[in-house]
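Scroll down for the structure; my scribbles are underneath it.
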Amino acid sequence: MNAITRFVREEEGQSTVEYMLLISVIVIAIVAAAYIFIPTFQQGVQALAEDVKSILDTGKIGSTGTTR
C-alpha cells in the first residue's frame, strides 16, 4: 500500500473519531440541560393544567366569560 494512501485513510479515521466525540459532547450537553430544566417545565405544565381546569370549571378566563 502506498504511504500517501495509508496517510489519507488514517486521516479519514481520525476525522470520524473527532466527529463522533464532538457529537457525543453535544448530546451530553443537551441531556444535562434537559435535566436542569425538567422541574421548571413540570411546574409550567402543572400551572397550565390548573388554568385549564379552572376555565372548564367556571367557564371564565380570568374575569371574562359567563359563570356556569
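The values are calculated or read from the model by the stated rules, or taken from the named source; none is laboratory data. Small disclaimer: the values here were computed from a predicted structure and weren't measured. Don't worry about glycine lacking a Cβ; one is built from the backbone with ideal geometry, like all the others, and counts go over all protein chains shown.
Within the range 18-68, which residues are of a type in the set (K, R) and either in contact with a Pro (Cβ under 8 Å, 6 or more places away or on another chain) or at pLDDT below 90 (or both)?
K60, R68
Can you run down the residue pairs with Cβ atoms below 9 Å, 6 or more apart or on separate chains, where the first is in the range 39-56 and free of Cβ contacts under 8 Å to residues at least 24 places away in the same chain and assigned to a helix (DSSP H, G or I) and the partner is of a type in the set (A, V, I, L, M) and surrounded by 10 or more Cβ atoms within 10 Å (Cβ to Cβ)?
F41/A34; D51/I61; S54/I61; I55/I61
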